[in-house]
Amino acid sequence: MQKTYLFLILILAIFLRVVYLDKFPPSLNWDEVSHAYNAYSLLRTGRDQWGQVLPLVSFRAYGDYPAPINLYFTVPFVFLFGPTDFTARFPHALIGTVGVIPIFAAAYYWRKNFKLALLASLLFAITPWALFPSRAVFQSNWALFLMSIFLALYLRSSFRLSFLFLGLSLFSYHNARILIPLFAIFLLVYFRRHIFFILAVLGLSELILLSPTSLARGNWVGILDPGVISGIEQSRVASSLPAPFPRLIYNRPAYLASQFASHFLGYFSPQFLALSGGTQFQYSLPGFGVLLWPEAVFFYLGLTLILFKLKSSSPSDKLLLAWLFLAPFPAAITRDEFAVIRSNLMIPPLVLISAWGVWWSWRRLKTRFRKIYIFAILISFFISLDLYLENYLMKYPVNYSQSWQFGYKAAVNYVKNHYLDYDQIIFTKRYGEPHEFVAFYWPWDPADFQAHASWDFHANWYWINGLDKIKFVVDREMADTVANLPTGKKYLIVSDPDFPTSGRDLNQINFLDNKPAFIIKEI
């Protein structure tokens, strides 16, 4: 019977993740097309779009150096189905679905309880924090999947295999590269076993973290960006306190400590978990927590129960707590508050603890009330899920299609269909990285892209300025660029409404809220 229930939960999980996968979220964003096109480039040439052969630690992308596992796992799907929106996202929907199984196993080996394991797997299938990212291309999905397998294997006492997956997780996403060495140190200090495997993981972590690509990534997301440092210096100058108090109060360690503490505690707050979720609307649904609200209630209950019995708790309990409280570290040391994706490794212990809260409260009831209680709980969960899905399907795409760079696909298709009619195409950079959308939706021959793309590197970013006869122009320079085009040629202009250009109107592509995204003209 347990297998039947688990199968039904898997069906629910894949239904929630695969149906209309290419339409919700409303379009591929720039990171998604980057991963998909680089996978296509690897398939066709054995190199990424920049010509690097089989990147191992990271691939360049735009200069943000994503981890490589998703890149390689996407290749066979591109081979089978071609470079499409569905192909880009399906690997993530797949591992989001299959991820139910290691959560089930981890919960079972934690408490040796099949009903608790089924409940935990159900929560994982429907929790927004796991559901929303698994319908798009987020490297964090791979970190979550591989780390969940590690947890299940470790609790099962399959230690050698568990450390293999822990090591693989280092190639999944940057948050795993921060969490894993911290967690490995906990395992070493607390359990004092499997020292060889732990030291191997720590050594690999150090090699990856000190690689040039990882250091470049840290410059992008760290708390101490140049603007912050300048602000600290200005605060010292503006302070009316006598020396040396301004320097003692306004300094980098003090700023780091205050920001870290604020960010860290925020990830356990009701505001983040139950009420408003993340601050970046490309990663979570505005106005909704990252958990369903009943789930958040039972998480706090389960956490309280475990903490109250901490001294007598099992090693597995302490392992889950260590994971839970270390998991926000990768997000807390970055400049963004409530970073849903960087903190997603909180999900495995959080789901297990939430399930324990439900189970404990159910066990405290008299037998005749238990069926009513569990029925009421399930109803509350699915009402909360229904409200979430209604907003996700009906309101979110309309209100936030611009956050997903909606309109690029239609604009690229228009350019492709009229490519031979013009001597040059001028394409705005208004919504970011137009070259990647052109390359993916064309799809552009990767060998030609590697050989002929015109690019430069500045501000720690790689900028593509031209591809064959397509010229990509910064939005504020569009009007002057178009005005100064040589006469005697025919031009197609793809601009945006905020920076209009001269020319005869041909077409307009709108966001889903009917506001104009691209204005297409000719000269």
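The values are calculated or read from the model by the stated rules, or taken from the named source; none is laboratory data. Since we're looking at a predicted model, the values are computed, not measured. Note that each Cβ is placed from the backbone with ideal geometry, even for glycine, and that neighbours are counted across all protein chains shown.
Could you tell me whether any residue of segment 507-521 is modelled with pLDDT under 95 and either outside any helix (DSSP H, G or I) or hydroxyl-bearing (Ser, Thr, Tyr) (or both)?
Applying the first criterion (modelled with pLDDT under 95) to segment 507-521 yields none.
No: segment 507-521 contains no residue that is modelled with pLDDT under 95 and either outside any helix (DSSP H, G or I) or hydroxyl-bearing (Ser, Thr, Tyr) (or both).
For segment 425-433, check the following and say yes or no: at least one residue is in the same structural domain as Ile470 (by TED's automatic domain parsing) and either farther than 26 Å from Ile523 by Cα or surrounded by fewer than 19 Cβ atoms within 10 Å (Cβ to Cβ) (or both). The answer is yes; a qualifying residue exists.
Output the number of residues of segment 57-77 satisfying the condition of being among the hydrophobic types (A, V, I, L, M, F, W, C), modelled with pLDDT under 90 and surrounded by fewer than 18 Cβ atoms within 10 Å (Cβ to Cβ). First the steps, then the outcome.
Restricting attention to segment 57-77, the residues satisfying the condition of being among the hydrophobic types (A, V, I, L, M, F, W, C) are 57, 59, 61, 67, 69, 71, 73, 75, 77.
Within this subset, residues satisfying the condition of being modelled with pLDDT under 90 are 57, 59, 61.
Restricting the remaining residues to those that are surrounded by fewer than 18 Cβ atoms within 10 Å (Cβ to Cβ) gives 57.
Looking only at that region, the number is 1.
Counting residues in segment 119-128 that are at pLDDT 95 or above and farther than 20 Å from Trp142 by Cα gives one or more.
Exactly one residue out of Leu179, Leu170, Leu161, Leu166 is closer than 21 Å to Ser316 by Cβ and touching a Ser or Thr at 6+ places or on another chain (Cβ under 9 Å), and it is Leu179.
Looking at Ile425, Ile464, Ile470, Ile519 in this structure, which one is closer than 26 Å to Ser27 by Cα and over 32 Å from the mean Cα position of the chain (by Cα)? Checking each option against the conditions leaves just Ile425. Pairing each residue of segment 360-383 that is over 22 Å from Ala107 (Cβ atoms) and in the same structural domain as Leu118 (by TED's automatic domain parsing) with any residue that is modelled with pLDDT under 95 and exposed (fewer than 15 other Cβ atoms within 10 Å of the Cβ), provided the two are 6+ apart or on different chains, yields C-beta distances under 9 Å for Ile372/Leu365. Any chance segment 382-393 includes a residue that's among the charged types (D, E, K, R), surrounded by 13 or more Cβ atoms within 10 Å (Cβ to Cβ) and part of a helix (DSSP H, G or I)? No: zero hits.
Taking Ser27, is it hydroxyl-bearing (Ser, Thr, Tyr), over 24 Å from Gln450 (Cα atoms) and buried (at least 21 other Cβ atoms within 10 Å of the Cβ)? So that I can check it myself, show each step before the final result.
Working: hydroxyl-bearing (Ser, Thr, Tyr): yes; over 24 Å from Gln450 (Cα atoms): yes; buried (at least 21 other Cβ atoms within 10 Å of the Cβ): yes.
Here the answer is yes, as Ser27 does meet what is asked.
For Val415, the criteria (1) within 30 Å of Ser121 (Cβ to Cβ); (2) among the aliphatic types (A, V, I, L, M); (3) buried (at least 18 other Cβ atoms within 10 Å of the Cβ) hold in every case but one, which is (1).
Within segment 311-360, restricting attention to residues that are at pLDDT 95 or above and hydroxyl-bearing (Ser, Thr, Tyr), which residue is surrounded by the fewest Cβ atoms within 10 Å (Cβ to Cβ)? Here the answer is Ser316. The set of residues from segment 481-523 being in contact with a Gly (Cβ under 7 Å, 6 or more places away or on another chain), aromatic (Phe, Trp, Tyr) and either surrounded by fewer than 19 Cβ atoms within 10 Å (Cβ to Cβ) or farther than 19 Å from Ile470 by Cβ (or both) comprises just one member, Phe511.
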